Every structure is written in C-alpha cells, then in structure tokens.
Amino acid sequence: MISGKIISGSSLIVVLALSSCTGNFDDMNTDPNNARTTRDIFYMTKAIVSTAYDYQKSAYMDEPASAGRYITMVRNEGNDTWGWDAGSWDADYLRLTTVKELRDIAETEKADQYVAVADILEVFNFAYITDRWGDIPYLEALQLSGDKEIVHPQYDKQEDIYPDLLKKLEEANNRLDTATGDIDENNDALYQGSKEGWQKLANSLRLRLLLRCAKKYTDAIPQIQEIVSHPEKYPIFTGNGDNAEVPYVGTFKWPGGPTGGGGNLTDPFAEFIKRKPSKEFVDFLQQRNDPRLPMLVDKTTGDPAQATVDHHPYVGVPNAINSPYDYNGGDEHISTLALDLFYKDQDAAVRASLMTYPEVCFILAEAAQQNGVNVPGETAESLYYKGIKAAMDYWGVSREADDAHYYDQPAVKYDGTLKQLIGQKWAALFLKGPEGWFDYRRTGDILDFNSRIGPAASQHNIPYRFIYPDNERNLNREAYDKAIAVFGEDTRNTKMWYLK
C-alpha cells in the first residue's frame, strides 16, 4: 500500500472560466472552516471545469471515442486504424497541479470540505492517467518546487496506485461527513455546495474503480459489498439528479465534442463532419427500435434506395475501411450525430460528464450478477432495468420506450448474461467518457468489436493502452527504463496490471 503525499507543482494552466467565477468574492463568508480567499475559489472552479471539459473532450475527439466504438473517423482516421503513436499526459499533470494548489490552500486553512473535494478530483485525474498508460509517475509526480524538487519522477506500479486511490476516496467521503464548513455554492460547478453530492461522487467513483480492478484486487468485491450495505455511511448516486456533470457556457458549439468550439458544417474537414456515429452503435440501437436513436443520430439525407450497402434510414460507418467518407455511396448516405442536439448552442442535454447514474446501476448489476454482491432491495435483473430506464430518462425518451414495449423485446428482456448487460451499459454511456473502451478491455471484447475491424487497420485488435509520451524516453529515460523493465514492453498491446 502506498503512503505519502504528492507535492504540487508550480505550473498552472490558463483557467477555463465559468460565469460564476466572476462573482463578488468580497462578500464571501470568512469562517475559518471555509475558503477565505479568491484563490481557493479560483482553484476549485478551475480544477472542476478543466477536469470535466477535458475528460468529455476525449470521449468525442480522441482515441477513447474510437476505441469504445462510439465514433468512426471518416477523415484523418488514424484513431480508428489503431496505429496510435505516443500519447501526451502533459495536460493531465497540469490539471493535477491546479488540484494540488487547491488542496494545499485548503490544508493550510484547515478547510476539510475543500481538502475532500481536491482529493476526489485528484483521484479522478490520476485514475484516468493510469487507466490509459498503466504504471505512471505518482508519488514523485508534481514535485516541481520546494525542498523536495523532483524533475525526473520515478514510476509507481498500478497495483500500488489503485489501492491508494481507493483509500483516498474513502477518506474523502469520511472527511465530508465530519466537515463543519460549507462549500461555496456559487463556485461549485458540480454540486452547488452540496457535500452529500460530493460524497455520492466519491463513493460512486470508488465503485467504478473497484469493479475495474476486481479480477486482480482481492479486496474489491468486499469493498463493493461494504458500500452498498451501508448507504447511510457511503451514499451513492440514486438518480440522474446526482450525475457529476458540468454545463457548458457561452454561445459556441459543444466544446467537448462536435466542433471543439467552432467549425463550418459545409467544410468536410470540420471536426463535426469527420466524426460519424459508428456502425456498431447505430446498428445496436436500430436493431432494438431504440427511441434514443432519433434523439442522438440524424437520418441520412439521401434516398436510402440509392445507397450502395446499407439501405436503412440511419447508417453508421464501419471501422478501419478504405475511403470511409465514400461508404454507402458517400456523405448523403451516412448519418451524422443529431445536429439539433450536438450542434446547438448550450443544449441542456449536452454536458461535460464525469459519471452518471446509469453507469452506477450497471456497475451494481454486474457486481450482483457476476460476483454475488447483495444489493439490498435489488437483484441483478432489477438493476439492469434501472440502468436502461435511467438512460432513457437521461435523454428524455422514457415514454417512447414504454409505448414501444422496448423492454419486452427478446434482445432487451433480461437473460442473465454479461454480454447483454455490458451491451446496454455501453449504449447508455454513449459519449460519456472512455468507459466503452475500458469495458472492452476488462471483459475480453465481449461485444465482439474486434471481429468487425476493417482491412485498413494496422492491427486486428483495439489497443489496450497508450504508449508512454516521447518526453519520458527523451527527458526521463532512467525512470522510463526502470518502469518498462517491470511493466513490460511499451506498446499499445501490453496489458496493465488489472487486465493481466
């Protein structure tokens, strides 16, 4: 088990501002248990928003979107052909410097509620780094100033990092339970000052990480059982009102997705146009007459009878095919994501998501189905249906699902298999982070994505990880060499600890 403290660096990234950041800080309560300076609020807002925006952006713009088989690139399709080069984690560690600045100030001021918030955000960011790379700089990361400056941090093993992250989440939950000070509601972009909201995120995130490492971490299932057996001590998400999501502000398009803040729909190289819904996702919904399909995906604009391959009204693009922009007869015979939803200013349904209630339902359903976890008052079947219904409710199509008798279809009616459960979880988490990719790895490609990889791919399986950044080989070579001697070859296909 790791113990110790990660010291913050001195570098800061430019703030991603919310309108609430510009409030009247002079009127803040100066209770010693609360934040007393504008710096606290600056760092809290910045840490929350940058974490949420960047995480959401990767779920649409970057490799996790393709690896999770939600998005297919029809231009610059390198993400989909699996020839991934070295990834960069600079932005991730820069976000963590902000989080540590918040924590250091909160510790100095003995503001336990802000210490807990910082710890939850720290765990979220470190987990996302280790989930993509495996063994990473952890204990010695971010020590760029002070008496213990470390320019060349050593790597820690994922099997040591994960238990420490889980411990921090439990401690954050307990700290929030006893903290006497308030969280400033005007600058809390996630929960508007609700300590219980942050507790629910801490414990729900803990469930996510516990399930992820359950095959290798012997205490994972007992800890899940402990959480669900004591909801008064460990509250978790119980509805979509608990979702950890940050709204977008301003008049630009969805910055986490379609245009990255701008773009021209008539330009075939615009970010929106070159990212199409995948064939896997569109077919999954279409085969089940799923009411989310017309909500999330637009019909093709051409006459389906003139299409060359797929004559359905909704058409997703296969992975790693030659000339994907010409698939099915060209652009007018390929669907886009729903323009009225994803290419619309400030649509309330489109937010930067860290974690949502449907995911928690499916986590518990799997824990009950596969690991015998007893969730009071629930079964794996009831949790499965709760997950689907929560996802329908999230997109505002619950009535349509009921009217169409969606749940009575043979493909949807609960059959007790992990494949069915993971399929519905995958559909529910469309563009909600990298969970589709991570579940692909964890379940051994249970949805058969690899069987659909096209001829243009550089390999015939979806990668398991990112390659370490070039700067690590160039500037931190000694630590890098030590790390791969333990971790294994630095390739896209080397499995990290919890996947072995």
Q: Over every pair of different alpha-carbon atoms in region 398-500, take the mean of 1/r and invert it; report that Kirkwood radius in Å.
A: 16.9
**Q.** All lysines inside 25 Å of K279 as judged from Cα atoms, apart from same-chain residues fewer than 8 positions distant
**A.** K57, K253, K299, K344, K389, K413, K419, K425, K432
**Q.** Nearby lysines by direct alpha-carbon distance to K482 (threshold 18 angstrom, same-chain neighbours under 8 apart not counted)
**A.** K157, K495
Q | Local electrostatic count, E232, Cβ distance below 14 Å [Lys/Arg +1, Asp/Glu -1] | A | -1
Q: Grab the other residues whose beta carbon is less than 13 angstrom from that of E435, score K and R as +1, D and E as -1, and report the net.
A: +4
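What number comes out for the charge environment of P455, summing +1 per Lys or Arg and -1 per Asp or Glu over other residues with Cβ under 15 Å away? It would help to have the intermediate numbers written out before the result.
Values: positive: K279, R452; negative: E77, D80, D326.
Result for the local shell: -1.
Would you please classify the overall shape of region 90-224 from the alpha carbon gyration tensor, given that a ≥ b ≥ c denote the square roots of the eigenvalues, rounded means a/c under 1.5, and beyond that prolate means a/b larger than b/c while oblate covers the rest? Provide the component values of the computation, followed by the final result.
Working: a/c = 1.98, a/b = 1.12, b/c = 1.77.
It comes out oblate by the Cα gyration axes.
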Q | Shape category assigned to region 151-228 from the gyration tensor of Cα positions, a/c cut at 1.5 | A | oblate
Q.
Between region 140-174 and region 68-114, what is the separation of their alpha carbon centroids in Å?
A. 15
**Q.** Model label zone, E185; criterion: amide N under 17 Å from point 7 Å along Cα-to-beta-carbon; scope region 97-132
**A.** none
Q. Using alpha carbon centroids, what distance separates region 303-345 and region 207-239, in Å?
A. 41
Q) Which of the lysines could a cross-linker bridge to K195, judged by Cα under 18 Å and excluding same-chain residues fewer than eight apart? A) K110, K168, K233
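Counting other Cβ atoms within 10 Å, keep those with at most 15, restrict to DSSP loop, and tell me which trypsin sites (Lys or Arg not before Pro) in region 50-128 are left. Please list the in-between numbers first.
Details: sites: K57, R69, R75, R95, K100, R103, K110; in loops: R69, R75, K110.
The qualifying sites are R75, K110.
Given the rule -39500 (n - 2.57) for each run of at least 4 DSSP H residues, summed and divided by the residues of the chain, what is its mean residue ellipticity at 222 nm, to the nearest 500 deg cm²/dmol? Numbers along the way, then the final one.
Numbers: 17 runs with 208 residues, N = 500.
So the helix-based figure for the chain works out to -13000 deg cm²/dmol.
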Q | Interchain or long-range residues, amide H under 5 Å from A352's placed H | A | V246, Y248
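Every read-out reported here was derived from the displayed coordinates using simple, explicitly stated rules and does not represent laboratory data. Remember, it's a predicted structure, so these values are computed and weren't measured experimentally. Virtual Cβ from ideal backbone geometry, glycine too; neighbours counted across all protein chains shown.
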